1. Which strands (runs of 3 or more DSSP E) does region 1-61 wholly contain that include 1 or more residues that are exposed (fewer than 13 other Cβ atoms within 10 Å of the Cβ)?
2. Confirm whether residue 96 is modelled with pLDDT of 95 or more and part of a loop (DSSP other than H, G, I, E, B).
3. Of all residues in region 169-186, count the ones that are assigned to a loop (DSSP other than H, G, I, E, B) and touching a strand residue (DSSP E or B) at 6+ places or on another chain (Cβ under 6 Å).
4. Any residue at all in region 62-70 that's more than 28 Å from residue 149 (Cα to Cα) and in contact with a helix residue (DSSP H, G or I) (Cβ under 9 Å, 6 or more places away or on another chain)?
5. In region 152-168, what count of residues is obtained for those that are part of a helix (DSSP H, G or I) and surrounded by fewer than 18 Cβ atoms within 10 Å (Cβ to Cβ)?
6. May I ask you to verify whether residue 124 is surrounded by 15 or more Cβ atoms within 10 Å (Cβ to Cβ), closer than 27 Å to residue 37 by Cα and out of contact with any helix residue (DSSP H, G or I) (no Cβ under 8 Å at 6 or more places or on another chain)?
7. Taking residue 83 and the conditions (1) part of a loop (DSSP other than H, G, I, E, B); (2) at pLDDT below 95; (3) within 17 Å of the chain's Cα centre (by Cα), which numbered condition does it fall short on, given that it satisfies the others?
C-alpha cells in the first residue's frame, strides 16, 4: 500500500457535480440529491484499503451524529475494479450493508468524479457548506492503522461543528493519508 496524502483542493472551490450509481439500490444520484441543507460531506473510500477499514466505524458514527443536523453524506469509490476486484460494485453494496452505512455508496467507474475533486487517496474527506463551497478537506483525525491513536473524527467533527455554529473553520488543515486511488491505466 502506498501512503498517499490528499492533494488539498483549494478552499472555496464549488462542489463538482456528479451523477453516479448507488451500489446499494442501483439508483443514480447527483450531488444535489445527497447534499444537506447545512452542508455536505463527500468521502472517497473503497472496500479493501486498510486505512479505510480502520475508520469504517468512525465514518458510520460521524454520519449518524450529523445527518440529523441536515448534513448530507456520501461515499464514493473510484478504484479500478478490473485490477482491484475487491472494490467491485457488488462488494461495495455488501460493505455498505455490513458497515451499516446510512448514506449512499456511489461507484465512479470512469474516475471522472475523483479527478474533478482532485482526490488522491482513500480515505479522502471534503466538507462543503450550504452554498456548496469547500470549507474543509483532509483528514478525519490523526488515527492511522497501528499508530494507537483512537479514531474520533476530531478534525472533521471540529469543522462540522464550526460550520453548524457559524464559526470560522480553521484554514490550517491536515491532509488525509491512505492508499492511493487505483487509477486505470489507459
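The values are calculated or read from the model by the stated rules, or taken from the named source; none is laboratory data. Here the structure is a predicted model, which means the values were calculated and not measured. Every residue, glycine among them, receives a Cβ derived from its backbone with ideal geometry; neighbour counts consider all protein chains shown.
1. 3-5, 19-21, 28-30
2. Numbers: modelled with pLDDT of 95 or more: yes; part of a loop (DSSP other than H, G, I, E, B): no.
No; evaluated as a whole, the condition is false for this residue.
3. Of the residues in region 169-186, 5 are assigned to a loop (DSSP other than H, G, I, E, B) and touching a strand residue (DSSP E or B) at 6+ places or on another chain (Cβ under 6 Å).
4. yes
5. Of the residues in region 152-168, 7 are part of a helix (DSSP H, G or I) and surrounded by fewer than 18 Cβ atoms within 10 Å (Cβ to Cβ).
6. Working: surrounded by 15 or more Cβ atoms within 10 Å (Cβ to Cβ): yes; closer than 27 Å to residue 37 by Cα: yes; out of contact with any helix residue (DSSP H, G or I) (no Cβ under 8 Å at 6 or more places or on another chain): yes.
Here the answer is yes, as residue 124 does meet what is asked.
7. Residue 83 satisfies all of (1) part of a loop (DSSP other than H, G, I, E, B); (2) at pLDDT below 95; (3) within 17 Å of the chain's Cα centre (by Cα) except (3).
Per-residue answers, yes or no, for (1) surrounded by fewer than 17 Cβ atoms within 10 Å (Cβ to Cβ); (2) assigned to a loop (DSSP other than H, G, I, E, B):
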residue: 73; (1), (2): no, no
residue: 79; (1), (2): no, yes
residue: 141; (1), (2): no, yes
residue: 150; (1), (2): yes, yes
